[in-house]
Every structure is written in C-alpha cells, then in structure tokens.
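Some notes on the structure that comes next.
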Amino acid sequence: MSDKLFIFDTTLRDGEQVPGCQLNTVEKIQVAKQLEALGVDVIEAGFPISSPGDFNSVIEISKAVTWPTICALTRAVQKDIDVAADALREAKHKRIHTGIGTSDPHIRYKFNSNREEIIERAVAAVKYAKRYVEDVEFYAEDAGRTENEYLARVVEAVVKAGATVVNIPDTTGYCLPQEYGEKIKYLMEHVDGLSAGKAILSTHCHNDLGMATANTMAGVLNGARQAEVTINGIGERAGNTSLEEVAMILKCHKGIAIDTNINTQKIYPTSRMVSSLMNMPVQPNKAIVGRNAFAHSSGIHQDGVLKNVQTYEIMNPKDVGIDDNAIVLTARSGRAALKHRLSVLGVEMEGERLDATYQDFLKLADKKKEVNDDDILMLAGADRAAAHAVKLDYLQVTTGMGVKSVACIGLDIAGEKFEASASGNGPVDAAIKALKNIIKRQMVLKEFTIQAISKGSDDVGKVHMQVEYDGHVYYGFGANTDIVSASVEAYIDCINKFKK
Ligand code: KIV
Ligand code: ZN
C-alpha cells in the first residue's frame, strides 16, 4: 500500500507575498475553489494579523471551500493567534500555523534571545493555539540553517505541546538536497513523537539556488509526509517549490510508493488561472506548465515523437490538462461556448457579468482570428478595471519612421473628462507624456515589460509596469491587441493603486 503525501498549498500566502501579485478577496476565492477542485489537502489562506484584507480573505475562503483544511499563519505571538482563530471561525476544517525562527542568526539578531527562551516561546505558542483548534502546525523558521541537534529539541518540545504537523522550512533556499534529506531523516530518527505517529513533518523549500523541488523530494523520501508548495512555484524572491512538479514527479515515478490527492488534469488550468490573476507570466521553459514544456522543436526529437511519443515524452500532456484538441473560440462562438470554456478554466460566470465578458470577447475575436485560453482569462479579469477611478476614454497616436510621434488622450477621472496631447520619441513615450499632462504627479517609470500572449501579429500584448510615486513602487498591468494602449492601461492601473 502506498503512503499519502499531504499537499499544503501556500499560493495565497507565501505566493501572494510577491510584489505586484496581490489579489482581492473575490480573486482569492476563485483561486481557492480551483485549488479545492485540484485536490489540495490544505490551503494556507493568509496571515490574518498582517492586514484587514488578509483577515477578510481568510473568512471568505473559509466560507467558500468545503473539503480542504483552511490554514492561517501567525507569529508565535498571542495576539496573532487570537486574530487567526477569529478569521478561521467559519472554516469546516481549520489549522493555525504558528512558529518562530530557530537558526542562530534568527535567535541572535531577530529576537535578541537564546535557544532555551525560543523553545519556551515555541511551546507557549502551540499551547495557546491549541485552545482554539485541534490542528496546529508549527514552523521552525530558517530550519534549513538550524543545527540538527537543537532543531530536534524544538520539534520534540512542540510535538509534546500538541503540534500535529511540524514544518521544517528552508527559508533562505540554502540547503543541498542531501543535506535537507538528512535533516528530515535525523528528525525522524531522533524525535520520539514522530516515530510514535503523534505528528508529521512538512517540507517548505525556497528556490534561491534552484533546488526547492529537489530538496522537497529529498525530504519526502526521508519521511516528510506534507509538502508546502505553490502553483507555478511563485513566492518570495526565487519562489517556492511548485505543486505541479511534486505532483508529477510522484505520478511519473511509479517506484516511489507515495501518492497525492491531486487531480493532475486540473494542473494546467490552475496554472493559467494563477498566472492570469496575478499578472505573473510563467517562464516558457518552466517544467510541466511552461509553453515549451511539451514542444519538441529539434528535428531528431520531432521524428522520434512522431514514431512513438515514448521516445522523448515521459508524461502525457493530457495528464496535466493540456489538451491539443481544446476548442479554440472564434467570432462565431456563442455565449454558451464561452461560458463552458470559462468553467473549464475554473471561472464560473453568469448573467450580466457573462454578457459583458461575451461582448468583450466578440470585440477581441473581431481583431484576432482565434481566441485562446490566455485571452479568455485576461477577458475574465478585465472587469477589475471597471472599478477604477481613472479610466482611459480614448487614445489616438500618430507615429512612423522619420516623424515625431504625437498622442492625444482622453481620461475619465471619477466621472469628469480630461484631454491632453504630447509628442515623444516613440508612440509609448508620447502617450505617457500626454497622460502626465493630465495627471501632474512626480511619477517615475521603473520597469516596463511587453509580452505577447501566444503568437502572431494579431496577438494580445501584455504589459507589466512598475511606477514609483511618493516613495512607493506600484505594479500595473494592461492587455490589448494595440501595444501602445496596453502600455497606457498598465500605467493607469498603477495610478489607480496610488495610496493618495
Ligand atoms: O519560508 C518560511 O520560513 C515561511 C514560514 C513563515 C513558514 O514561509
Ligand atoms: Zn516561505
């Protein structure tokens, strides 16, 4: 009989800490429901004390989701735990995830403390969380750089205090796979409560040296029975272990008798949804979900695959939900076809919202012959702009070789109309200068990336921007078949996020 590996998804907590990837509560619920359909066991829904938005999202996700355990993060601080317990009040299955740094740099510099006091604080936090919930997970932050002997004492103490899961994070992504695997093995062999089955160990690996998945697998092969992961591997800095990689490693390697509950055919739609809602492109060569993950371009490979796919493919793209025969929508597709495709992609839409999205779809289908899944997800998110105070009314640009680019722009600011024009060294420069003639603030464009959604000169271009204003950096996104309009939309998206 095979063992079960619990999948703990932290896309909505560690993943969402990435600058520019923040979601609103409605979007978080959409992702949480998709994670439920994907089959994750635990959803880390947020860090409730960190902001009213996070607090509220944990409440709403708890209401929306039925099967997975909903988990809320805290520091080893009573107030954090009180707030997390309150946010989890509606969850059908709930877990508090509390913890403290255990490595010497954390103990000395972050807490100005000593090893014994840290154990006392860890135990006190677990006991306090146990007053509210049965299921308490403890994290030993920076366990990757914590000496094994001391770490075993911490784990022993928190398990005795009632922790049901103990998380061993490689917070800085420093460990080598062998080192991380040995750490888990050492704990399994030296902590009585683990061999007695009172608690399980969890992996939580960051990807700073590109070893997050390798470290996670080393941990699992040495006895960890929960893996903390994110969709597309998103997360702070270089990200976290990606869910799709762990799930597919266990599916492909039949010799490892460990299973997950993941419905792998939902991997690709989930990846697209997260990428689209978070405006976070997936690198083309990303394992499992990148655009090129199953694209054989060399002649030798193509020849082999045509003769027999087993020559170069270790997994079937259909197993991760990539369907070559997926229906491509065109201007002749009806509202029902759009509704169905949205539903396959995890977006349930009805009534007026569906009508509005269908109208946008028809406009796009007029400009583009085929509307693909990325386009559809982009359209599904377009209604986010409707709530903005600053909206683009129109944009007219004249440009060409050997002439100056000139732009005229019309904005609607909270119902009032404004117009301006400007010239520049190119169409985007002219359009943004015209915009700045209306919104006269000290704004500096820090980053500007343009990406075509798939291919073809009629494709939709996506623009990501970072604009610095009043000491803060704001992230914006725009998508349009006209790249100049997409750029202006992204700039306006940043402006709409200004705090004052
Ligand atoms: O990386 C880390 O150590 C964390 C903990 C808060 C679990 O994300
Ligand atoms: Zn982390």
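Select from segment 459-477 the residues that are open to solvent by 50 Å² or more (accessible area, probe 1.4 Å) and outside any strand (DSSP E or B) and write down the one among them that is modelled with the highest pLDDT. Step through it out loud before you land on a result.
Taking segment 459-477 as the starting set, the residues that turn out to be open to solvent by 50 Å² or more (accessible area, probe 1.4 Å) are 468, 470-473, 475.
Imposing the further condition that a residue be outside any strand (DSSP E or B) reduces the set to 470-471.
Working: Asp470: 89, Gly471: 86.
Once the filter is applied, the top-ranked residue is Asp470.
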Review point. Does Asn240 meet the test of being away from ligand 1 (no atom under 15 Å from the Cβ) and under 22 Å from Pro281 (Cβ atoms)?
Key: no
Point to revise | Number of positions in segment 238-259 that are open to solvent by 10 Å² or more (accessible area, probe 1.4 Å) and out of contact with any Asp or Glu (no Cβ under 8 Å at 6 or more places or on another chain) | key: 7
Study note, to complete from the structure: The lone condition Asp192 fails out of (1) buried (at least 17 other Cβ atoms within 10 Å of the Cβ); (2) in contact with an Asp or Glu (Cβ under 8 Å, 6 or more places away or on another chain) is (1)
Exercise for review: Kindly check whether there is at least one residue in segment 103-112 that is within 22 Å of Arg237 (Cα to Cα), open to solvent by less than 10 Å² (accessible area, probe 1.4 Å) and not in a helix (DSSP H, G or I).
Suggested key: yes
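For the subset of segment 201-237 comprising residues that are part of a helix (DSSP H, G or I) and small (Gly, Ala, Ser), which member is most open to solvent (accessible area, probe 1.4 Å)? Steps first, please.
Going residue by residue through segment 201-237, those that are part of a helix (DSSP H, G or I) are 212-221, 231-233.
When the remaining residues are screened for being small (Gly, Ala, Ser), the result is 212, 214, 218-219, 233.
Working: Ala212: 1, Ala214: 48, Ala218: 16, Gly219: 0, Gly233: 12 Å².
Ranking the candidates gives Ala214 first.
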Point to revise | Failed item in (1) more than 18 Å from Gln226 (Cα to Cα); (2) in a helix (DSSP H, G or I); (3) within 13 Å of ligand 1 (Cβ to nearest atom), with Tyr174 passing the rest | key: (2)
Check your understanding: Can you list the strands (runs of 3 or more DSSP E) found entirely within segment 365-438 that contain at least 2 residues being open to solvent by 40 Å² or more (accessible area, probe 1.4 Å) and among the charged types (D, E, K, R)?
Key -> 390-398, 416-424
Check your understanding: How many of the residues in segment 216-248 are over 13 Å from the mean Cα position of the chain (by Cα) and on the phi > 0 side of the Ramachandran plot?
Key -> 1
Revision key, fill the gap. Per the filter on segment 128-164, residues within 16 Å of ligand 2 (Cβ to nearest atom) and within 27 Å of the chain's Cα centre (by Cα) are Glu137, Phe138, Tyr139, Ala140, Glu141, Asp142, Ala143, Gly144, Arg145
Practice item. Scan segment 67-100 for residues that are open to solvent by 30 Å² or more (accessible area, probe 1.4 Å) and under 21 Å from the mean Cα position of the chain (by Cα) and jot them down. Key: Trp67
Revision key, fill the gap. Checked against (1) more than 16 Å from ligand 2 (Cβ to nearest atom); (2) within 27 Å of the chain's Cα centre (by Cα), Glu120 satisfies every condition except (2)
Review point. Phe47: of a type in the set (Phe, Trp, Tyr) and more than 16 Å from ligand 2 (Cβ to nearest atom), yes or no?
Key: no
Check your understanding: Can you name every residue in segment 129-151 that is open to solvent by less than 10 Å² (accessible area, probe 1.4 Å), within 20 Å of Asn114 (Cα to Cα) and either part of a strand (DSSP E or B) or among the aliphatic types (A, V, I, L, M) (or both)?
Key -> Phe138, Ala140, Ala143, Leu151
Practice item. Hey, could you check segment 1-31 for residues that are within 16 Å of Thr69 (Cα to Cα) and part of a helix (DSSP H, G or I) and say which is farthest from ligand 2 (Cβ to nearest atom)? Key: Ile29
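The values are calculated or read from the model by the stated rules, or taken from the named source; none is laboratory data. Being a predicted model, the structure only gives us computed values, none of them experimental. Every residue, glycine among them, receives a Cβ derived from its backbone with ideal geometry; neighbour counts consider all protein chains shown. These accessible areas exclude ligands, DNA and RNA; they are computed on the full protein's heavy atoms, side chains included. Shrake-Rupley method; radii C 1.70, N 1.55, O 1.52, S 1.80 Å.
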